Amino acid sequence: MRLASTDNPIRAWAGVHLTAMIVAFLPGLIVFGWRGAATVLLVVFGTAVGWVALRRVGPRGQAMEPAHLLWSALVAAALLPAHLAATTTLDGDASAMWAAPIATGLTLVLLVWLTAARFGIGVLPALTAGLLTWAALGPAAQPSSVLRWETAVTGDLVDSTRSPVDDLAGIRWVSRRADEVGTPDARRLASARMVLSAYGNAELHAEGRRVTMASVVSERLPPPEDVVLLGHPAPIGMGGAAAVVAAGLVLCFRGVADARIAIVVVASAYVSLATMPVVAAVDDFSTVWTHLAGIGGMGELPGARVGWATGLTFVHYELLAGPILFGAMLLAPLSSLRPLRNSWRFPYAVAIGVAMAAMQRYVEPNVAPLAALAGVALLTPLLDRWSRSTTLIE
């Protein structure tokens, strides 16, 4: 079914995207509770304040559409952790964390005003605002808590207790029952992204202990259903890979996103993750790498052999736990980012998939892949100008 025509096509476009974002938010609102919803509302509040301040400032302010700004606010909020809606850090230190999502909304409106276009030109203000917030907060933005299943939706994410990293493996979210009366609402866990990043940078092993890919998959990473459905620490809009895919399908079925781009981005990212060099084993003295997910490490370190089952499972965790699916399904197919000329869309999608996979594995797994997407999208106006592509409707 295609997007129905209305008197205001911008509002119709934003309405479909708002529906998709709500679908993506559902797992996060369950496992992060009311603080997740409060973080989203704070971003929306900051966006509203910025819109009121700039809506009459020249033609640019008058061009800003509230429906589009609301969708942009949800995209920016989807990139943020839920614990920002608090007056303390997760460690209990006093901090005005709540100001960060408000600042994100204000930054978003300023960027929309500066781009002087509703849909931007190779730039997505919501993505840029979210990345700037992550850069400003640093480690404080790292998601590391989820509510227990008994306190889902209504629990307090900041009321948490620290748990060992090993508690992640083998214990499904729905099986993590309270140990005793008075147990905090949430549990502090090392997210799958943190584990993957630490292992990829050869930082996960303890002194005197060898760590292999097989041990990481079996002992350190959460059960796959927690990553696919819900139950692991993540930004609010990426609480479950299945919800992100469902949100992308909403856009594709309604005709406001190019499904071919989403498919090619995911496929190219998957192939890249499966073929790029990856750590096979690491200890205090050496690091053994393998060039394919299913080919063992080329060294003498015991346990360095990686089979296809372990290698591809590791790739699946990287693809599902990181922001690659979010970027592929909800951002890369946007009309504001993709090339106007159809012949350029395939190389555009491949470039995004490869760049996001490389940043996911070798740089930083939270926002670096999205920064790669933003960087590739900056090239699309140049491609359109070079190919002399034009559009009938701006």
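The values are calculated or read from the model by the stated rules, or taken from the named source; none is laboratory data. Please read these numbers as outputs of a predicted model, since none were measured by experiment. No Cβ is skipped: glycine too gets one built from the backbone with ideal geometry, and neighbour counts run over all protein chains shown. Note: areas computed on protein heavy atoms with side chains; ligands, DNA, RNA excluded. Shrake-Rupley method; radii C 1.70, N 1.55, O 1.52, S 1.80 Å.
Restricting attention to segment 36-56, does a residue exist that is touching a residue at least 40 places away in the same chain (Cβ under 8 Å) and outside any helix (DSSP H, G or I)? No: zero hits.
Residue-by-condition table, conditions (1) open to solvent by 60 Å² or more (accessible area, probe 1.4 Å); (2) under 15 Å from residue 104 (Cα atoms); (3) modelled with pLDDT of 95 or more:
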| site | (1), (2), (3) |
| --- | --- |
| 5 | yes, no, no |
| 11 | yes, no, no |
| 14 | no, no, no |
| 44 | no, yes, yes |
| 60 | yes, no, no |
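I'd like the full set of residues that are part of a helix (DSSP H, G or I), out of contact with any Ser or Thr (no Cβ under 7 Å at 6 or more places or on another chain), closer than 16 Å to residue 323 by Cα and not β-branched (Val, Ile, Thr), limited to segment 67-88. The answer is 74, 78. Against the conditions (1) open to solvent by less than 10 Å² (accessible area, probe 1.4 Å); (2) assigned to a loop (DSSP other than H, G, I, E, B); (3) not hydrophobic (A, V, I, L, M, F, W, C), residue 255 satisfies every one except (1).
Can you give me the number of residues within segment 63-73 that are within 16 Å of the chain's Cα centre (by Cα) and either closer than 28 Å to residue 161 by Cα or open to solvent by 20 Å² or more (accessible area, probe 1.4 Å) (or both)? Within segment 63-73, residues that are within 16 Å of the chain's Cα centre (by Cα) and either closer than 28 Å to residue 161 by Cα or open to solvent by 20 Å² or more (accessible area, probe 1.4 Å) (or both) number 0.
Selection of helices (runs of 4 or more DSSP H) fully inside segment 289-394 by the criterion of at least 2 residues being at pLDDT 85 or above returns 308-321, 345-362, 368-377.
Take residue 111 and decide whether it is open to solvent by less than 50 Å² (accessible area, probe 1.4 Å), touching a helix residue (DSSP H, G or I) at 6+ places or on another chain (Cβ under 7 Å) and either at pLDDT 95 or above or over 21 Å from residue 58 (Cβ atoms) (or both). Considered against the rule, which asks whether it is open to solvent by less than 50 Å² (accessible area, probe 1.4 Å), touching a helix residue (DSSP H, G or I) at 6+ places or on another chain (Cβ under 7 Å) and either at pLDDT 95 or above or over 21 Å from residue 58 (Cβ atoms) (or both), residue 111 comes out as no. Considered as a group, the residues in segment 266-280 that are touching a Phe, Trp or Tyr at 6+ places or on another chain (Cβ under 9 Å) and surrounded by 21 or more Cβ atoms within 10 Å (Cβ to Cβ) include one that is farthest from residue 373 (Cα to Cα), and that residue is 280. Residue 48: open to solvent by 10 Å² or more (accessible area, probe 1.4 Å) and at pLDDT below 95, yes or no? The answer is no for residue 48.
Is it true that some residue in segment 179-189 is within 24 Å of residue 359 (Cα to Cα) and either at pLDDT 80 or above or of a type outside the set (A, V, I, L, M, F, W, C) (or both)? Yes; the residues of segment 179-189 include at least one that is within 24 Å of residue 359 (Cα to Cα) and either at pLDDT 80 or above or of a type outside the set (A, V, I, L, M, F, W, C) (or both). Each residue in segment 215-251 was checked for being touching a residue at least 60 places away in the same chain (Cβ under 8 Å), outside any helix (DSSP H, G or I) and either among the small types (Gly, Ala, Ser) or over 14 Å from residue 31 (Cα atoms) (or both), and 5 pass. Just so you know, in segment 143-155 the residues that are at pLDDT below 90, out of contact with any Leu (no Cβ under 7 Å at 6 or more places or on another chain) and open to solvent by less than 70 Å² (accessible area, probe 1.4 Å) include one that is farthest from residue 230 (Cα to Cα), and it is 151.
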